[in-house]
Every structure is written in structure tokens, then in C-alpha cells.
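Enquirer: Next up is a structure, given as C-alpha cells.
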Amino acid sequence: MSHRPLPADVHRFRALVARRLGLQFEDEKLDLLADVLQQRCETWGRGSCPEYLDRLASDGGWPQEFPAIATELTVGETYFFRNPDHFAAFTEIALPERQRARGDIHRLRILSAGCASGEEAYSLAILLRDRATQLAGWKLDILGIDVNRASLARAAQGHYSPWSLRETPPEVMTRHFRPHARGSVLDGAVRSMVVFEERNLVEDDPTFWQPETFDIVFCRNVVMYFTPDTIRLVIARIARSLAPGGFLFLGYAETLRGISPEFHLCHTHDTFYYQRRPASELRDPAAILPTSRLGFDEPTEADGSWAESIQRAADRIATLARRPARQPPRAPDGRTQSTAPEANLAALLARALELLREERHTDAMEVVRALPPASRTDADAQLLRAVLLTNSGDLAEAEKVCRQLLELDELNAGAHYLLALCREQAGDARAAVDHNQAAAYLDPGFAMPHVHLGLVARRAGDLETARRELEQAWVLLPREDSARILLFGGGFSRQALVELCRAELTACGGAP
């Protein structure tokens, strides 16, 4: 039996797994990595752990070893018709649209990426088979790919336990499954609709990722385990292989915010998914706007001071502007001049944030009005403008700025939240809910959309939804970034917002 791997070997193994498989493991998973590394070394049995890692890292690679590692490190727990809202959107939106687009060739290609043991791919096949009348004369290609060889072998067998079928409707069980041993076997006609292949999403294979090949891609609960750089590479490949107007379904906890500008966000059937932009709208991926420069993505301690939060935001703005943050020029009366050079955009934003912290809203708006022309396409500058307009009560202009910002970056969570406030004040509660839900989906750590959703639901008499949203807000608020509370908290402090949630929960019959 080999010795327990040394920490240095485990860290090297983690780096190799990230580079070759794209999988990201935090420090709390080091024991798991050590177990797998030890097991693979023992299975190899031809040398020490460092020698095993040397071979794994060799230029020639070790093609058969990485799939074995993936089998040990990936757990493809899934089941038929998981997240039914996605399948409803697939059958009622994506499928009809792609049929219209492919009417000239009568062929649809669907990819289940990270298909695990096949439940997702077969769910799609069942839905297509049940629509045989509408699809008569069409050639349907369903491809499932995964790096886990053992999972693919189970998929090919089509034998599933009751646990994998726990959300399968009884009528589907009757039509497409038959009892076998302690589970059920999928009908051969459905199995024949799906082809499974062993493929690594991280590896670039130009022969596979052909441009505009697929019409619909399901890649759910896969990229959430990848490193950020790997996510961008994988999504770029998927985007390239999707036909313009094709659809991408990700997991509920996965978004393209800060990842890709090549998709529109879709929101139907109480769920979110993506549609690749038409060719006329496709933009250079390098043009993607940064998701945050105001400190939105780095939770702080609940007792962090405003000054510290604003200083961090100013530092981040200056760093990303790649220029030293200088004080903006001043007029003799002490006001910021309106002819600031573009080089001072970062400093002006930092100054506006500081004035907002001091509740000098009029002065902050003057600074924003003095921003250079480059600010018109700067997401943070426009978001700050919308915040100040909202705080001043000019909701019509705030809504206009938000919509312009969403034209630049439709995955901007802050713009969706502010637009929700504007829509509610305009009496459009449905749109307010939609934009709040978009903000919460795009940024799961953003507390304010949940606060607003809870208040809107309570006013509408929907106490169950109000309790759910307010409880979520109550959990998120202690970890919310101070700069974001400053921007979106409506003048309330963190503690005041927490107490508001507590009082509203009590009024709804709930308790935090």
C-alpha cells in the first residue's frame, strides 16, 4: 500500500485536474483529492506519487488516466425530468422556434453536455417521441457527452432505479418503461434516439465543436464546478457550436453574467435560460462588460465600515481603469468641473460614491453629470446615474437609464433591480416581479431583490411567497457588501433592513 500523498503532491494534483479537466476544488476538498490521488497511484503501481504526477503532466499526456480520475471525482447525481420548468420551456418555446428556423432542412440537433448516466438526454428523447405527430418527417439527433466512462456505460444500459425516476409522471412510466429487477428499463425505441460519447468539455476538438451545429444545448449543473477561465472557454465553444437563435439551458445556480455577451436572457415558465443572439447582434466576446467594479461581488463582514467599503470600491475602480485615481479638478466654488478628461473617470466615480455615502445626493449627481463621454458605455457610471435618479424620485429618467444599460449588458443585476423599483411605482407589479427575479437569478448573493419581492408579495396577499423571499433576504443581508447596501438600500442601514425583514416576516406569520 502506498503512503498518504504529501500536501505538495495534492496541490499539484489539484492544479493538473483544473488544467486538464477544468474542475475546481476548494481547500475543504483536499482530503478527497488526496484519497483519489492515493487510489490512482496504487492502481498504477509503478512508482512513487511524484512519478505518477510527472507522467500525468507529461507533454504526451495520459489519455486513459484522466477519464479514470474524472470517474472518481465527478458524481453525476441526476434524475429524469429534473427541473421540469426547463423541459416545459424546451417543448413550448425552444423546440417550436428551432423547427421554424430549420424548416428548410427538417433536422434538429440537440446536445446534452455533461449527461452523466443519461437521464437528461433520455428525458429529451421521451418528450420528442411524445410529439411524433408534430415532428413527422424530421431527423432528430440527440447526443449525450460526458467525461465519466462509468456513467456513460450505465446510460447505454438504460436501467434505472426508482430514485432516478422519482419525478417521472406515471403515464410516462407506463408508455416508456418496463419493470426490471429492482428498477425499470427504458424502452429500446427511446434508447435508440440517443447517442452517447465520451468527451471532455475542457478539451478543444474542432472536429466536434463545428460552427452552428446544434440547435439546443443542455449543460446543467456542469460549469459550476469549473474554474472561471474554464467556464469562459467552455461557454465560448458552446456558443460557437450553437446556431444563431439556438438555446442554451444551464443549471439554476449557473449564469452567464460576466461570462459571455453572445446570448439573450430568456425568462418564461418561471425559469431562466439563454438564446444565442442572431448573427446581426453577435458581439466580440472581448467586448463583455465587467460585472462589477463597485465592490458587488466580494461579501464583507457585517460590521465593515462604510468608509472601508467605499475605499475598496474606489481602489477597484482605479485598478480596473489602469490609471492612478486622482482627485477630479475643482472649480473655484469647490464644485467638480464639468470638463473632466476621460483619464479621471475612475476618480470621478469614486468621488460620487463618497458623496453618496455622505448623503450629498445633489452633489453626487453633479459629479455624475460631469463624467466624460466614455461613461456613456460604462456600466458602473450608468448604474450610479440610475441609483441617484431613483433616490431623487425621477423614476421615468431612472427607468430610461436602466433600459439603456440593459441594452449594453442585459445581465446587469443592479439595473434589473432598479428597473423593478421603477415598474412597481408605475403600477406594473408583474414587470417588477420579473426584473426582481432576474436580478436574484443573475446574482444569488444580492439581498435587495428578495426584500422587494417579499414586500410586493405581501402587499398582494401572497404570504407564502412573502415569507420565502423575506427569509432569503434575512439570510443574505448580513453578508451583503456595504457598498451595495449604500447603492440599493434606499437610505436604510444594514441593521435597519434586517429589522425590516424581521418585522415583515412576523406580520406574515413567519419567523427568521
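Enquirer: Sort 25-37, 250-262 by the packing proxy (mean of other Cβ within 10 Å over each peptide's residues), most packed first.
Expert: Packing order, densest peptide first, comes out as 250-262, 25-37.
Enquirer: Is region 1-152 best put as rounded, prolate or oblate by its Cα gyration tensor, with a ≥ b ≥ c the root eigenvalues, rounded for a/c under 1.5, and otherwise prolate when a/b is larger than b/c, oblate when not?
Expert: prolate
Enquirer: Can you give me the long-range amide H partners of residue 268? Hydrogens built in the peptide plane at 1.01 Å from N, cutoff under 5 Å, separation of 5 or more residues or another chain.
Expert: Hits under the 5 Å cutoff: 273.
Enquirer: Apply the Karplus curve 6.51 cos²θ - 1.76 cosθ + 1.60, θ = phi - 60°, to the phi angles in region 446-459 and return the couplings in whole Hz, x for Gly and Pro.
Expert: My calculation for region 446-459 gives 7, 7, 4, x, 5, 4, 5, 4, x, 5, 4, 5, 5, 5 Hz in order.
Enquirer: For mean projected area of the Cα convex hull in nm², the choices are [x] 35.7; [y] 27.4; [z] 29.0; which was calculated from the structure?
Expert: [z]
Enquirer: Still on this structure, please answer the following. Could you sort 119-128, 264-273 so that the peptide with the highest average Cβ count within 10 Å comes first and the rest follow in order?
Expert: Per-residue Cβ counts within 10 Å, averaged per peptide and sorted highest first, yield 119-128, 264-273.
Enquirer: For the chain, calculate the relative contact order in percent as a whole number, restricting contacts to Cα pairs under 8 Å that are 6 or more residues apart.
Expert: 10
Enquirer: Pull out a ≥ b ≥ c, the square roots of the eigenvalues of the alpha-carbon gyration tensor of region 76-231, then state rounded if a/c is under 1.5, prolate if not and a/b is larger than b/c, and oblate in the remaining case.
Expert: Since a/c reaches 1.5 but b/c is at least a/b, the shape of region 76-231 is classed as oblate.
Enquirer: For region 117-178, what's the relative contact order in percent, using C-alpha pairs closer than 8 Å and at least 6 residues apart?
Expert: Reported relative contact order: 50 percent.
Enquirer: Another question, then. With only Lys, Arg, Asp and Glu charged, each at its Cβ (+1 for the first two, -1 for the last two), find how big the charge dipole of the chain is about the Cα centre; round to the nearest 20 debye.
Expert: 780
Enquirer: Let me ask something else. Pairs of alpha-carbon atoms within less than 8 angstrom and 6+ residues apart define the contacts here; what relative contact order does region 376-512 have, in percent?
Expert: Reported as a whole number, the value is 16 percent.
Enquirer: Is it possible to state the helix-based mean residue ellipticity at 222 nm for the chain, with each DSSP H run of 4+ residues giving -39500 (n - 2.57), the sum divided by total residues, to the nearest 500 deg cm²/dmol? What is it?
Expert: Dividing the helical sum by the residues of the chain leaves -14500 deg cm²/dmol.
Enquirer: Turning to a different aspect of this structure: Collect residues whose amide H, placed 1.01 Å from N in the peptide plane, falls under 5 Å from the amide H of residue 245; neighbours closer than 5 in sequence don't count.
Expert: 276, 277
Enquirer: By per-residue mean of other Cβ atoms within 10 Å, what is the highest-first order of 219-225, 458-464?
Expert: 219-225, 458-464
Laboratory data are not the source of any read-out in this text; all were calculated from the coordinates shown. Given the structure is predicted, the values throughout are model-derived calculations rather than measurements. Using ideal geometry, Cβ is built from the backbone for each residue, glycine included, and neighbour counts are taken over all protein chains shown.
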